Structures are given as C-alpha cells and as structure tokens.
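So the structure is just underneath, and the comments pick up after that.
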Protein chains: 6
Amino acid sequence: MSDVVSEFNAYRSKMNDAILADNNKIIKRIFNLDTNAFAEGALDKKTKELLGLVASTVLRCDDCIKYHLESTHKEGLKKEEVVEALSIATLVGGTIIIPHLRRAYEYWDALEDQTTSES
Amino acid sequence: MSDVVSEFNAYRSKMNDAILADNNKIIKRIFNLDTNAFAEGALDKKTKELLGLVASTVLRCDDCIKYHLESTHKEGLKKEEVVEALSIATLVGGTIIIPHLRRAYEYWDALEDQTTSES
Amino acid sequence: MSDVVSEFNAYRSKMNDAILADNNKIIKRIFNLDTNAFAEGALDKKTKELLGLVASTVLRCDDCIKYHLESTHKEGLKKEEVVEALSIATLVGGTIIIPHLRRAYEYWDALEDQTTSES
Amino acid sequence: MSDVVSEFNAYRSKMNDAILADNNKIIKRIFNLDTNAFAEGALDKKTKELLGLVASTVLRCDDCIKYHLESTHKEGLKKEEVVEALSIATLVGGTIIIPHLRRAYEYWDALEDQTTSES
Amino acid sequence: MSDVVSEFNAYRSKMNDAILADNNKIIKRIFNLDTNAFAEGALDKKTKELLGLVASTVLRCDDCIKYHLESTHKEGLKKEEVVEALSIATLVGGTIIIPHLRRAYEYWDALEDQTTSES
Amino acid sequence: MSDVVSEFNAYRSKMNDAILADNNKIIKRIFNLDTNAFAEGALDKKTKELLGLVASTVLRCDDCIKYHLESTHKEGLKKEEVVEALSIATLVGGTIIIPHLRRAYEYWDALEDQTTSES
C-alpha cells in the first residue's frame with residue numbers, strides 16, 4: 001500500500017482505538033453514528049460518501065477529506081465524479097479551499113497508485 | 001405562493017439584480033460559475049443539489065440552505081432524501097447545526113404548501 | 001414570561017417536535033445525545049453549561065447561545081460568572097463575537113426580567 | 001437618517017453601553033483595542049477600514065460588515081473601492097458570502113440615501 | 001520531558017518572543033489579555049482552562065488545544081474531566097472534530113508520560 | 001532561496017499543475033479569477049494583497065497566508081505594514097489566530113533571508 005495511505009490509516013486506527021478504549025459514552029456514540037449515517041438508505045452509499053466529502057472539504061478538514069476520498073474510491077466512484085464534487089466545494093467555500101484541493105489530489109493519486117500496485 | 005418563499009425570492013432577485021448591475025467583473029463571474037457548477041455533468045443535477053445543500057448547511061448559511069432546498073424540491077427530490085442529506089450535515093457539523101435544521105424544516109414545509117395550493 | 005424568551009422557546013419546541021416526528025434515526029440520536037452530554041458526570045452541570053455556552057459563542061450561533069444562557073440561568077449561575085465565560089469566548093473568538101455579545105446581554109436581561117415578574 | 005442605519009446604530013449603542021457598564025475588564029479592553037487598531041499608523045485609516053470590512057465579510061458577520069461599511073463611507077471611500085474589497089472577500093470566502101453581499105449592498109444604499117437626504 | 005511536548009513549547013516560546021519583540025501595540029495587548037482572562041475570578045482557574053480548551057476544540061486549532069491541555073494538566077484536572085469537556089466539544093462541533101480529538105489524546109498521553117518520567 | 005520558501009512554492013506549483021491538467025471547468029475558472037481579483041483596479045495592488053492576507057488570516061489558512069505574505073513582500077510592502085494588517089486580523093479573529101501568527105512571522109523571516117542571500 002502507498003506510504004501516505006497506510007500511514008494515515010495506521011495513525012487513525014491507533015488513535016481511534018485509544019479514544020474508544022477510554023469509554024466516554026458521548027464520544028463512543030458519536031463514533032457509532034458516523035458508521036450509521038453513511039449506510040445505504042433513501043440515498044445510496046455513493047451519494048452519501050460524496051456528501052461527506054463535500055462537508056469535509058468546505059469545513060477544510062484534511063483528515064476528513066482523506067477519509068472520504070478513500071471511501072469514495074472504495075465505492076468505485078470515478079475521479080471525474082469526485083472532482084465535480086470538489087469543484088462545488090471550492091465554489092461554495094472559496095479559494096481558501098485550494099490548499100486542501102492540492103492535498104486531496106495528491107491523496108487521490110496515492111489511492112490510485114495503491115490499487116495499481118496491488119493488482 | 002407561500003409568503004416566506006415568495007418574500008425570500010423577491011428580496012434575493014432584487015438584490016442580485018442590484019449586485020449584477022454594478023458590473024464588478026469578479027462578482028459577475030462568480031455568479032456565473034454558480035449556475036454552471038450545478039448543471040448536469042459527471043454527476044446528475046439531483047446529486048449536485050444535495051451537495052450544495054450539505055455545503056450550505058455545514059457552513060450554516062440559512063439563505064443558501066433555502067436556495068438549495070428550493071432547487072432540490074424543484075428537482076423532485078423526496079423529503080426523506082433531503083432529510084438524509086441534512087442528517088449527514090448535522091452529524092459532521094455538530095449540534096450547532098440544529099437551529100438551521102429547524103429553519104430548514106419550516107422552509108421545506110412552506111415549499112410543499114406552495115405546491116399543494118398551486119395544484 | 002418575557003416575550004423574547006417565550007417566543008424563542010415556542011418556536012424551538014414546535015420545530016424540534018416537527019424534526020423528531022420525522023423519524024430520521026441519525027438526527028433523533030443526536031438530539032438524544034445532546035440531553036446526555038450536559039448531565040452531571042465527572043464535571044458538574046454548571047461547568048458543562050458554561051462549556052456549552054462558550055462553544056456556542058465562539059461558533060457564533062445566537063440560538064445556541066440563548067439556549068445555554070437559559071440553562072445557566074436555571075442552574076443558578078450568577079451573571080458575573082456567565083460574563084466571565086463570555087469574555088473568554090470574546091478573547092478567543094475575536095471582536096467578531098461582539099454582535100453576539102450584544103444579543104446575549106439582551107437575552108440575559110429578558111431572562112432576569114422574567115424571573116422577577118414571576119416571583 | 002435612513003431607518004435601517006439609525007436602528008442599527010441605536011441598538012448597537014444601547015447594548016454596547018450595557019456591556020461596558022457591566023465592567024468586565026477583559027471585554028472592556030477588547031472594546032478599547034478595537035478603537036486603537038483602526039487608527040492611522042503604518043497603514044492609513046482607509047486601508048485599515050477595508051481590512052476590517054474584508055475580515056468581517058469572510059467571517060460572515062452582518063453587523064460587523066454594516067459597521068465597517070459605515071466607517072468606509074465616512075472615510076470617503078468610493079463605492080467602486082468598497083465593492084472591489086467585497087469581490088476579494090467573495091472570491092476568497094466563496095459563494096456562501098453572497099447572501100451577506102446582498103445585505104451589504106442594501107446597507108450601502110441606505111448609507112448613501114442618508115447622505116443625500118441630509119445635504 | 002516528552003519530545004512532542006518540549007518541541008511544541010520551544011517553538012511556541014521562540015516565535016512568541018519574536019512577535020513580542022516586534023512591538024506591535026495591538027498584538028502585545030492581545031497577548032497580555034490572554035494571560036489575564038484565564039486568571040482566577042468569579043470562575044476558578046480550572047473551569048476557565050476547560051472553557052479555553054472547549055473554545056479551542058470547536059474552533060479546531062490544534063496548537064491552542066495543546067496549550068490548554070497542558071494548562072489543564074498543570075492545574076491538576078483529571079483525564080476524565082478533560083475528556084468530558086472534549087466530548088461536549090465533539091457533540092457541539094460535530095465529527096469534524098474527531099481528527100483533533102485523536103491529536104488531543106496523543107498529546108495528553110505525552111503530558112502524562114512526561115510527568116511520570118520526571119517523578 | 002530559503003528552503004521553506006522554495007519547498008512551499010515547489011509543492012504549490014506541482015499540485016496546481018496537476019489540478020489544472022485535470023481540466024475541471026469550474027476549478028480552472030476559479031484559479032483564473034484568483035489572478036484577476038488581485039490586479040490593479042480601483043484599489044492598488046498593495047492594498048489588495050493586504051486584503052487577501054487578512055482574509056487568509058482570519059480564515060486561518062496557513063498556505064494562503066504564506067502565499068499572500070510572499071506577494072506583499074514582492075510588492076515591496078514593509079514588515080511594519082504587514083504586521084499592522086496581521087494585528088487587525090488577530091483582533092477581529094481572536095487569539096485563535098496566534099498560532100498562525102507564529103508561522104506567519106517565521107515565513108516572513110524566511111522571505112527576508114532569501115532576499116538578503118540573493119543580493
């Protein structure tokens with residue numbers, strides 16, 4: 001797996017485990033809701049992942065963007081679809097989004113490289 | 001047409017006209033991009049409107065929420081679909097979103113009332 | 001009861017009922033967590049209400065500020081204590097907080113008037 | 001004086017007085033700094049007022065925008081200059097700024113009307 | 001002392017000195033207010049530090065979170081109390097807070113390690 | 001050239017090229033507007049760069065701050081002028097700005113070092 005992808009996921013897993021082990025009821029339930037909210041419902045999973053990606057982008061949270069890029073990638077969304085979602089986020093959120101866009105493109109490339117090298 | 005809906009649209013139209021009449025090139029182009037970004041593309045219009053709604057909601061802009069609720073309503077999205085998008089926005093953006101959710105529900109009802117009374 | 005206080009609460013109740021009646025599982029659970037998070041725990045209720053007030057203030061959500069002002073008032077916190085919390089919010093969040101401070105002072109006065117007129 | 005302008009200023013003055021009468025040291029000093037920061041210095045007052053306007057606009061604070069529109073108007077800045085500052089704010093902050101732009105244009109017109117009717 | 005803690009503090013001190021040496025009156029006074037605002041008053045220091053921590057968390061400023069974690073740790077607040085404050089911040093600010101929560105947990109552990117190794 | 005400056009610019013250029021090569025019409029136009037908005041107009045370039053710097057600072061975008069520091073430096077603005085702009089941003093945006101101020105000072109020093117070593 002690509003280094004940036006595996007490092008991001010390793011840190012994320014390790015610290016999520018530490019947080020959940022701490023047993024704060026509110027935080028545990030919020031983590032739980034997060035899994036539920038993106039499950040298939042009236043809207044399909046692909047749409048929901050794009051909604052999560054756009055929310056993360058306009059709120060300018062790099063780690064959240066990476067997480068949703070990874071989910072959209074797993075769901076089989078094409079780069080063109082993901083980029084259209086990011087273009088809406090950039091328009092609504094302004095040029096202040098651009099540095100996050102640069103990192104999003106870099107991470108998407110890492111996700112694609114990983115798929116290629118795995119196959 | 002429902003009062004809140006027609007008042008919102010009348011003020012929006014009047015002031016948008018005033019802004020565009022002022023002829024600032026940057027602002028005019030941004031208004032123009034706004035129309036383009038939500039047109040059918042790799043993603044369909046319904047999905048794009050939901051993306052615009054979620055971006056507006058997590059950034060907590062009531063007028064932008066109203067505008068996108070109206071567009072999703074016109075595109076024929078069902079309340080259940082719109083509410084799922086809003087639920088993702090509330091989870092990602094936190095309880096600070098709830099007052100905007102109250103106003104979004106009220107505006108959606110006004111949009112539905114207007115359709116009923118028009119038919 | 002003071003008009004501004006009763007109007008705020010009436011609208012809040014009516015729309016919260018409409019939202020909860022809609023039965024979106026994610027939103028219902030978030031509403032539920034909100035009640036839980038401010039219950040007595042390792043920190044007492046007074047401290048938690050002040051934390052909610054400061055979070056609402058730096059995120060500049062007038063309705064959330066009103067809600068937490070009301071809770072701090074019910075918990076018997078003194079104006080001086082509430083104002084110290086607001087002063088920290090103003091310092092951390094900047095002068096952009098000041099318009100919200102004006103509305104917070106006005107609402108606190110309405111809360112105090114209501115208590116006086118009720119007794 | 002135009003109604004919207006005088007109402008805004010009357011409420012602002014009344015509540016600022018209430019806040020300052022309350023004697024919280026931190027808040028008083030922040031109010032004081034606010035006066036100082038926009039005084040002539042290495043940068044002239046006009047530039048500083050435009051900086052305050054752009055900061056208020058990207059942070060989407062309507063009352064702060066009104067306040068700085070009034071100051072730029074008093075300093076004799078032309079509408080074209082003010083609109084260029086607002087266009088930068090809209091580009092950097094995104095289309096989420098547009099509803100604030102509508103209200104800014106409306107308030108600027110009220111400021112100009114007031115000048116005309118006073119002369 | 002733990003590496004992450006000492007590195008954070010060394011950089012913070014060095015650059016704060018550079019800023020203060022620069023003698024901008026407004027910035028110096030804001031730094032000064034920061035010390036004052038968290039001093040014992042109507043609210044005790046522990047409560048104030050928690051308010052600073054929650055404000056920093058919902059505004060998603062990692063360095064500010066680290067600074068207030070360190071202060072709460074020095075004031076003798078227990079992890080359970082700090083985590084309850086963070087849980088309120090996560091609920092109010094949404095899941096967008098979670099990446100900051102991961103880094104907060106990591107920093108708190110570094111603060112505890114440092115205390116252990118010093119004793 | 002100073003390492004931090006050249007690294008920032010190299011990454012920025014590389015990723016901007018990748019984004020533009022991707023040919024999303026909305027994103028390309030936003031990039032294009034960015035160049036236009038800061039060109040000489042009713043306001044001169046120096047003022048516009050300061051507006052961009054203040055917008056970037058209150059929105060707390062380190063990369064945007066670096067970019068505008070570099071532009072103000074190239075336009076020949078003096079440190080004292082830049083710092084006055086930053087002081088307004090810190091007052092309006094609050095102490096949450098301070099960590100960004102530390103990195104801004106560090107980057108400005110790097111920009112000055114580079115000029116000295118080049119001459």
Inset, instruction - Among D:Thr115, D:Leu53, D:Ala104, flag the residue with its Cα farthest along the positive direction of the charge dipole of the stretch D:27-119, charges on Cβ as +1 for Lys/Arg and -1 for Asp/Glu. - result: D:Leu53
Legend entry - Rounded, prolate or oblate (a/c below 1.5 giving rounded, otherwise prolate when a/b exceeds b/c) for the stretch E:56-103 by Cα gyration tensor: oblate
Inset, instruction - In debye, nearest 20, what is the charge dipole magnitude of the protein assembly as shown about its Cα centre with +1 on Lys and Arg Cβ and -1 on Asp and Glu Cβ, if you could check? - result: 0
Legend entry - Inter-label distance for E:Lys78 and E:Lys28, nm, one decimal - labels placed 7 Å from Cα along Cα-to-Cβ: 4.4
Inset, instruction - Please list the helices of chain D that count as membrane-span-like by this rule: a mean Kyte-Doolittle hydropathy of at least 0.0 together with Cα atoms stretching 15 Å or more along the helix axis, each helix being a complete DSSP H run. - result: D:45-58, D:79-93
Inset, instruction - Determine the shielding of peptide B:38-47 by partner chains: average, over its residues, the number of Cβ atoms on other chains within 10 angstrom of each Cβ. - result: 5
Legend entry - Among D:Ser13, D:Ser56, D:Ser71, residue whose mean-square fluctuation peaks in a GNM of chain D (springs only between Cα atoms under 10 Å): D:Ser13
Legend entry - Residue-averaged 222 nm ellipticity for chain A, from DSSP H runs of 4+ at -39500 (n - 2.57), nearest 500: -26500 deg cm²/dmol
Legend entry - Inter-chain shielding of B:12-20 (mean C-beta neighbours from other protein chains, 10 Å cut-off): 4
Legend entry - Ranked packing of A:38-46, D:46-54, most packed first, by mean Cβ within 10 Å: D:46-54, A:38-46
Inset, instruction - Run through all the Cα pairs of chain A and give the fraction in each 10 Å bin from 0, expressed as whole percent. - result: 13, 40, 36, 11, 0
Inset, instruction - Among C:Asn24, C:Asn36, C:Asn16, determine the one that fluctuates most according to a GNM of chain C built with springs between C-alpha atoms less than 10 Å apart. - result: C:Asn24
Legend entry - Histogram of C-alpha separations across the protein assembly as shown, 20 Å bin width, %: 17, 55, 27, 1
Legend entry - Inter-centroid distance (Cα atoms) of the stretch C:33-73 relative to the stretch D:28-62, Å: 31
Legend entry - Pair D:Asp113, E:Asp44: separation of 7 Å Cα→Cβ label points (nm): 5.6
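B:Tyr11 to E:Leu20: FRET efficiency via 1/(1 + (r/R0)^6), r the Cβ-Cβ distance, R0 60 Å, to the nearest 0.05?
E(calc), rounded to 0.05, equals 0.80.
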Legend entry - Within 10 Å of each Cβ in A:66-79, the average number of Cβ atoms from other chains: 1
Legend entry - In Å², nearest 10: area of A:Phe8 left accessible to a 1.4 Å probe: 20
Legend entry - Candidates A:Tyr107, A:Tyr11, A:Tyr67, ranked by Gaussian network fluctuation over chain A, Cα under 10 Å, top entry: A:Tyr11
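The values are calculated or read from the model by the stated rules, or taken from the named source; none is laboratory data. The shown structure was predicted, so the numbers you read here are calculated from the model rather than taken from an experiment. Here Cβ is always computed from backbone atoms with ideal geometry, including for glycine, and neighbour counts include all displayed protein chains. SASA here: full protein model, heavy atoms, side chains in, ligands and nucleic acids out. Shrake-Rupley method; radii C 1.70, N 1.55, O 1.52, S 1.80 Å.
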